[in-house]
């Protein structure tokens, strides 16, 4: 290029201009190809993230349908426990204990915890910022409820373990009777809230257009222990047609 500059104008300068144009064009093309490759890689990552989210939301949907199906059964069990305590005299009539495989219980309800690995990975990698705004907003609302659902399930597990004390002949003074009834009513209130949350979870999944086939959720629910227990005990359950209906947020 310096050799060309020494040529008499305008030939030298024209040659330099052409050289610069060619170099600049080459750099721009290289940058464009690099950017295309980066965008393509990011597009593939976003697409893979959505596939993972679809699988994860499918599990959430199945758990929601199961809980909403057996919700009336849970309420019936709690009413039975409350009535048993109220009907007992000065000494508690022991409530029955049920056994399944390697564990026993006095109250049967689902306690599955929704996984969040796909969403956590999308947030950690910044992929959620590349989702469509409406899609991202609905997912954020959906996943914001999960810590609350987990907390309610954990509290219910603790309460159910405490109710195991009712399998013994306890002296029932008014204070203890009130404490037991209060525990049962608090548990009932948490299951009410869970039923609401699970209905709203279904709506979130519906809004992001990732609802799986309801037949699969029904088949899985019928294989789970709570459904089998409720059916064996002749306790009420919600129809699958009603269980899959979303609840407005």
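Values in this text are rule-based calculations from the coordinates and carry no lab data. As the structure is a prediction and not an experimental result, all values here were calculated from the model. Counting neighbours? That spans all protein chains shown, and the Cβs are built from the backbone with ideal geometry, glycine included.
Tell me, how many Å apart are the Cα centres for the stretch 39-73 and for the stretch 213-249?
With the stretch 39-73 and the stretch 213-249 each reduced to a Cα centre, they are spaced 19 Å.
Average projected area of the Cα convex hull of the chain, in nm²?
One quarter of the hull surface, i.e. the mean projection, equals 20.8 nm².
Under 15 Å from a point 7 Å along the Cα-to-Cβ line of residue 160: which residues of the stretch 208-249 have their amide N that close?
In the stretch 208-249, the label zone of residue 160 (backbone N under 15 Å from the point 7 Å along Cα→Cβ) covers 224-231.
Would you mind getting me the FRET efficiency between residue 51 and residue 196? Use the beta-carbon distance for r and R0 = 25 Å, nearest 0.05.
0.25
Quick one: angle between helix 214-223 and the longest Cα principal axis of the chain, in degrees between 0 and 90, rounded to 10, please.
Helix 214-223 sits at roughly 40 degrees to that axis.
When a footprinting reagent is the concern and you count Cβ atoms within 10 Å, what order do 88, 179 take, fewest first?
179, 88
Roughly how many nanometres apart are two label points built 7 Å out from the Cα toward the Cβ at residue 241 and residue 182?
Placing both labels 7 Å along Cα→Cβ, they lie 4.4 nm apart.
Could you state the angle between the C-alpha long axis of helix 174-207 and the longest principal axis of the C-alpha atoms of the chain, as a value from 0 to 90 degrees rounded to the nearest 10?
Result, in degrees: 30.
Along the Cα-to-C-beta direction of residue 43, a point sits 7 Å from the Cα; which residues of the stretch 118-146 have their amide N less than 16 Å from that point?
Backbone N within reach: 130-132.
Using helices alone, I'd like the mean residue ellipticity at 222 nm for the chain: each DSSP H run of four-plus residues gives -39500 (n - 2.57), total over residue count, nearest 500.
Calculated mean residue ellipticity at 222 nm is -25000 deg cm²/dmol.
Measure nothing fancy, just the Cα-based angle from helix 11-87's long axis to the longest principal axis of the chain, in degrees from 0 to 90, nearest 10.
0 degrees
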